[in-house]
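Worksheet: the structure to be examined is printed underneath.
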């Protein structure tokens with residue numbers, strides 16, 4: 001129960017930050033943001049939902065300067081009956097902090113797929129490289145125009 005209380009408290013604090021960070025929104029963005037907030041407030045059925053809604057609100061706060069509610073995929077009102085778990089793929093995998101089991105093989109596969117999708121050669125170069133013993137590597141992508 002303590003974890004639930006702490007997650008709810010964190011969400012309330014994040015909501016205050018969200019309100020401050022998004023004061024500049026135009027009318028359309030504010031109405032979309034309001035619907036997202038309603039959706040997040042309703043998502044309190046499980047600890048996983050509580051963690052996921054914190055990931056969403058943190059992402060909205062961090063993207064306050066980039067017009068998050070006027071760009072895909074958050075420029076539309078969320079489906080009212082869709083569970084938050086079905087919307088988790090809208091968050092970039094790099095931002096799913098609390099709601100992801102770090103040891104999940106499925107999640108690791110998603111990270112690798114997203115990384116390869118973001119590369120110009122779709123990971124052809126990287127997939128030919130040996131995997132370091134500690135499993136980590138550093139990748140620098142240079143775009144030449």
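Things worth noting here:
- Picking from residues in the stretch 94-145 that are touching a helix residue (DSSP H, G or I) at 6+ places or on another chain (Cβ under 6 Å) and assigned to a helix (DSSP H, G or I), the one that is modelled with the lowest pLDDT is 95.
- Single condition residue 78 does not satisfy, out of (1) within 25 Å of residue 113 (Cβ to Cβ); (2) modelled with pLDDT of 90 or more: (2)
The values are calculated or read from the model by the stated rules, or taken from the named source; none is laboratory data. Keep in mind that what you see is a predicted model, and the values were worked out from it rather than measured. FYI the Cβ positions are ideal-geometry reconstructions off the backbone, even for glycines, and counts take in every protein chain you see.
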